[in-house]
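What follows is a short report on a single structure.
The values are calculated or read from the model by the stated rules, or taken from the named source; none is laboratory data. Values in this document were obtained by computation on a predicted structure and should not be read as measured data. Note that we place each Cβ from the backbone using ideal geometry, even for glycine, and neighbour counts take in every protein chain shown. The area values use the complete protein model at the heavy-atom level, side chains included, leaving out ligands, DNA and RNA. Shrake-Rupley method; radii C 1.70, N 1.55, O 1.52, S 1.80 Å.
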Amino acid sequence: MKILVADDHDIIRRGLKHLLTSKPGWEVCGEAKTGREAVALAEQLKPEIVVMDIGMPELNGLEAARRIRKLMPKTEILILTLHFSDQLVRDIVEAGARAYIMKSDADRHQV
């Protein structure tokens with residue numbers, strides 16, 4: 001399974017890469033520091049999953065998710081966020097993400 005990790009914080013990207021590559025058959029095929037870079041790498045690398053921070057420079061995670069879904073509708077997107085609200089969940093759904101994870105807890109929330 002090819003996974004693209006997008007977060008503007010190096011330590012988060014490294015931690016996610018370490019966690020994800022510990023699973024047999026999972027490969028982090030690319031890492032992006034900005035939303036624009038995430039869209040470009042997703043188009044180039046064709047990952048099956050994109051794990052993306054919601055707050056990134058140049059293009060936020062929601063807009064990047066919208067663009068990735070438009071380019072590659074079968075790519076699943078997981079949003080990472082520090083914040084939670086009903087409006088945010090609606091925004092995540094509208095952006096085409098499959099799920100979100102709060103950075104402050106390990107629970108995965110399906111949308």
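Suppose R0 equals 30 Å; then what is the FRET efficiency for Lys2 and Leu88 from their Cβ-Cβ distance, rounded to the nearest 0.05?
0.65
List the aspartates and glutamates whose Cα lies under 16 Å from the Cα of Lys2, skipping any in the same chain that are fewer than 8 positions away. In chain and number order, the partners are Glu27, Glu31, Glu43, Glu48, Glu76.
Let me check I've understood the local charge: for Lys46, count other residues with C-beta under 10 angstrom from its C-beta, Lys and Arg +1, Asp and Glu -1. What total comes out? Local net charge: 0. For Asp10, tell me the accessible area in Å² from a 1.4 Å probe, rounded to the nearest 10. About 70 Å², rounded to the nearest 10. For Glu58 and Lys17, the FRET efficiency from 1/(1 + (r/R0)^6), where r spans their Cβ atoms and R0 equals 25 Å, is about 0.75. Element breakdown for segment 1-103 at a 1.4 angstrom probe: carbon and sulfur atoms account for 55% of the accessible area.
When you restrict to C-alpha pairs under 8 Å that are six or more residues apart and normalise by the size of the chain, the relative contact order lands at 22 percent.
Each distinct pair of alpha carbons in the chain adds a 1/r term; the inverse of their mean, the Kirkwood radius, is 13.5 Å. Under a model in which nothing but the beta-carbon of Lys, Arg (+1) and Asp, Glu (-1) is charged, segment 22-108 shows a dipole of about 240 debye around its Cα centre. Note on Leu78: accessible area is roughly 30 Å² with a 1.4 Å probe, heavy atoms of protein only.
Antiparallel beta bridges, as assigned by DSSP with both residues in the chain, represent about 15 percent of the total such bridges.
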